[in-house]
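The values are calculated or read from the model by the stated rules, or taken from the named source; none is laboratory data. Just so it is clear, the model here is predicted, and its values are computed rather than measured. Positions of Cβ are generated from backbone atoms using ideal geometry, with glycine treated the same way; all protein chains shown enter the neighbour counts.
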Amino acid sequence: MNKNQVIVGSLWGDEGKGKIVDLLSSQADVIVRYQGGANAGHTLVVQGKKIILHLVPSGILHKEKICLIGNGVVLDPETFCEELEGLKKANIPVGPDRLKISYKTHLIMPYHKLLDKLREEKKSGKEKIGTTGRGIGPAYEDKVARVGIRAGDCLDFDHLKKKLENALKEKNVLFKNYFDSEPMSAEEVFEKIAPYLETIKPYLADISSEIENAIRGGKKILFEGAQGTHLDIDHGTYPFVTSSNTVASNVCAGAGCGIKVIDEIIGVVKSYTTRVGSGPFPTELTDEIGDHIQQKGSEFGATTGRKRRCGWLDLVLLRESVRLNSITKFALTKLDVLSGLQELKVCTAYRYNSETIYYPPQHENGLSLVEPIYETLPGWTADISKVKTFSDLPKEAKDYINFIEDQLNVPVGIISVGPERSQTIFK
Ligand code: IMP
């Protein structure tokens, strides 16, 4: 049976989804992005070459696949065009026959990026969200405020100019009077974006019907999530979250299909936890073990280059991720990074208000008040980066995986032991 799969990040993003999407794309026919924007950064290593994609679905590297960008994405026209150029240079075909953008996809405008930047600059210390500065929040705000610019607006530039004027009215008051910054004119914005919009035009498509036709034709679909469950605008560590719903159920709204389309939900989880940007992180390690993991795992954000904060695996957050997404299978990444650590701690519960709890507190900032309760498991020293089967892993590594499965009641079906496609164990 052709199972349609969703891939979601189980924690705060950067779980290594790019590699898993790339791998599973080889068995799919159509790959769809349904939320987020150029705040995502999927790092892929193919034949030793590193490729970072922010917007174009990672499946594009498989030349015979169709890649779709759904209405739930906020697309930066400039970044999109840069990615097209980069892919063309790498001899990857990126014609409109295999890459399509929904008419309804909202576009990120220069004023969204400026607003994102000015807001972050204005916030002091602990208030800063630590956004990627890609204009994501302001673009989603405009969508909800019904003043957004959509990809389909490329078809009527007169209409688009009027929409720009309308969208800029309130923003210019903010720019001038609150941020002490230069206002923007609709004409200047239009001049800047017009060449990119010309490039985008041929890529416009009815993504909902593309998906429907693919399903009717017996094709297999892979929905590629960006960011992670605990960055979800509703269910994440609000306000330190991104501005879209990152949970699997947003596939339907963000791509234009019904719930019954989804068969399998794969939660990608790193063998330890990382986070970029601000916000609570109960199992964060601020000692030399955290530094060791950060360096050994090359934990730098793919989009901003920021150092990622590192910590132990947190099964309490993951338990909630299973609940929020109905995860049917885990893909565990970067297991090789843990090699050489004498012992591994895994957070199985929290101490909160003198009680032991197994799911995170639900009120805002509750996560900053918990104390992790750990189980300690023995580590392993062997280099596992060339191991091909589960049975060939050191006993301690197998125990670590079995422990996760037992605690969360979800199988770990894929184990990644290095960045290359070949460094993957299917269990
Ligand atoms: P924004 O999505 O740029 O508004 O950033 C909001 C928060 O989400 C910040 O903490 C970012 O660091 C985080 N974030 C956004 N996209 C990603 C991602 O792809 N990986 C990890 N963190 C992300």
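Brief remarks follow.
Conditions tested, residue by residue: (1) among the hydrophobic types (A, V, I, L, M, F, W, C); (2) surrounded by fewer than 24 Cβ atoms within 10 Å (Cβ to Cβ); (3) within 16 Å of the ligand (Cβ to nearest atom); (4) part of a strand (DSSP E or B).
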site: K3; (1), (2), (3), (4): no, yes, no, no
site: V6; (1), (2), (3), (4): yes, no, no, yes
site: W12; (1), (2), (3), (4): yes, no, yes, no
site: N39; (1), (2), (3), (4): no, no, yes, no
site: L44; (1), (2), (3), (4): yes, yes, yes, yes
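- Against the conditions (1) in contact with a helix residue (DSSP H, G or I) (Cβ under 9 Å, 6 or more places away or on another chain); (2) within 16 Å of the ligand (Cβ to nearest atom), S249 satisfies every one except (2).
- Considering (1) over 25 Å from G133 (Cα atoms); (2) within 17 Å of the chain's Cα centre (by Cα); (3) not basic (K, R), the lone condition that D287 does not fulfil carries the number (2).
- Among the residues listed as G277, G311, G340, the single one being at pLDDT below 95 and not polar (S, T, N, Q): G277
- Test result for S354, closer than 12 Å to T274 by Cα, exposed (fewer than 15 other Cβ atoms within 10 Å of the Cβ) and out of contact with any strand residue (DSSP E or B) (no Cβ under 9 Å at 6 or more places or on another chain): no
- Filter pass, I31 being closer than 14 Å to A302 by Cβ and among the β-branched types (V, I, T): no
- Taking region 107-121 as the range and being within 14 Å of the ligand (Cβ to nearest atom), in a helix (DSSP H, G or I) and surrounded by 22 or more Cβ atoms within 10 Å (Cβ to Cβ) as the test, the residues that pass are H112, L115, D116.
- Single residue of region 217-237 satisfying the filter (within 11 Å of the ligand (Cβ to nearest atom) and not in a helix (DSSP H, G or I)) that is farthest from G36 (Cα to Cα): T237
- Filter result (assigned to a loop (DSSP other than H, G, I, E, B) and near the ligand (Cβ under 7 Å from one of its atoms)) within region 122-140: I129, G130, T131, T132, G133, R134
- If the condition is being within 19 Å of the chain's Cα centre (by Cα) and assigned to a helix (DSSP H, G or I), then region 321-337 contributes S321, V322, R323, L324, N325.
- Residue list for region 278-301, restricted to those being among the small types (G, A, S) and either buried (at least 21 other Cβ atoms within 10 Å of the Cβ) or closer than 24 Å to E405 by Cβ (or both): G279, G297
- Counting the residues of region 395-427 that are among the hydroxyl-bearing types (S, T, Y) and part of a loop (DSSP other than H, G, I, E, B) gives 1.
- Residue list for region 338-394, filter: in a strand (DSSP E or B) and among the charged types (D, E, K, R): E343, K345, R351, E355, E371, E375
- Those residues of region 52-71 which are away from the ligand (no atom under 16 Å from the Cβ) and either touching a Gly at 6+ places or on another chain (Cβ under 9 Å) or assigned to a helix (DSSP H, G or I) (or both), in sequence order: G59, I60, L61, K65, I66, C67, G70, N71
- Qualifying residue in region 302-312 (condition: within 11 Å of the ligand (Cβ to nearest atom) and in contact with a Lys or Arg (Cβ under 6 Å, 6 or more places away or on another chain)): yes
- Flag for L315 being within 17 Å of E15 (Cβ to Cβ) and more than 17 Å from the chain's Cα centre (by Cα): yes
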